Each structure stands twice: as C-alpha cells, then as structure tokens.
Amino acid sequence: MLKRIVTAVEVLALASFVLFVALLLFHQPSSKSASPSGTAGAVDGAAIFDSQCATCHGSKGQGGVGPKLSGGAVTSDFEDAQAEIVVVSGGRDGMPAFQNRLSPEQLQAVVDFTRAGLQQR
C-alpha cells in the first residue's frame, strides 16, 4: 500500500515538472503590456515583470517556482544590474532565456524594476 502511494506521488511530481517545463517553453503572453508606454522611449518595467516574471517569482517578488527577488534578495544575488541582465537574457538553471522575447530596452527596464520598483510593492 505504501509503495503504491509513493509511486503515485512520484508520478504526480514528474507530471507537474513536465507541465511546468512545457509552460515555460510554450507560454507566450501578449506583449501589449510589455511594450513601451505612451511616453516616447519609456518602457514599463513593472508591466513586463507582471506579464513575464510574476508567474514564477510572485507578484511582489516573494518567490514561488522562481527565487525570491524582493527584500533586497535580487541585489544580494546580483551586485550590479549587468550581471542580472545576463541571467535574465540568457537564462539559468530552471529560468528560461528572455533574449528572444524582450528587447534590450525591455530587459533593462525589468531589471531596473526588480532592483528598485519591486522593493516598493
């Protein structure tokens, strides 16, 4: 009986992992909220975070599937913004790469938001 329960839990865990990876690879949210706002040249990092990052990192950066970013965690992990941009752009561990989903300006805006604006949510 216990062996059946353990096997069922293992199967559910594997299925959940496969579903998570599939969602990361194939989820293409609408880009209208991640596009530049009405201000000439301005990009809304908060909107990009909400549409691209909050699913894994939490709406307030509290963590979830992805690591915690709020409370100074992101600046502890990445002393400078460029190091964070490298990871957001190229991906790492379970995090997908966003270099083909976001422009350089959008990458910069979302990193700036995680370093400053997210801390105020």
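The values are calculated or read from the model by the stated rules, or taken from the named source; none is laboratory data. Since the structure is predicted, the reported quantities are computational estimates derived from the model, not experimental observations. In this analysis, Cβ positions are derived from the backbone assuming ideal geometry, glycine residues included, and neighbour counts consider all displayed protein chains.
For the range 40-64, which positions are within 13 Å of Ala109 (Cα to Cα) and among the hydrophobic types (A, V, I, L, M, F, W, C)? Of everything in the range 40-64, those that are within 13 Å of Ala109 (Cα to Cα) and among the hydrophobic types (A, V, I, L, M, F, W, C) turn out to be Ala42, Val43, Ala46, Ala47, Ile48, Phe49, Cys53.
Taking the listed residues Gly71, Gly61, the one that is out of contact with any Cys (no Cβ under 6 Å at 6 or more places or on another chain), assigned to a loop (DSSP other than H, G, I, E, B) and modelled with pLDDT under 95 is Gly71, with no other qualifying. In the range 48-75, the residue that is nearest to the chain's Cα centre (by Cα) out of those that are surrounded by 16 or more Cβ atoms within 10 Å (Cβ to Cβ) and more than 20 Å from Leu24 (Cβ to Cβ) is Ser70.
Filter the range 74-111 for residues that are assigned to a loop (DSSP other than H, G, I, E, B) and not charged (D, E, K, R) and give the result.
Quick first cut of the range 74-111, residues assigned to a loop (DSSP other than H, G, I, E, B) only: 78-80, 91, 93-94, 96-103.
Listed by number, the residues that qualify are Phe78, Gly91, Gly94, Pro96, Ala97, Phe98, Gln99, Asn100, Leu102, Ser103.
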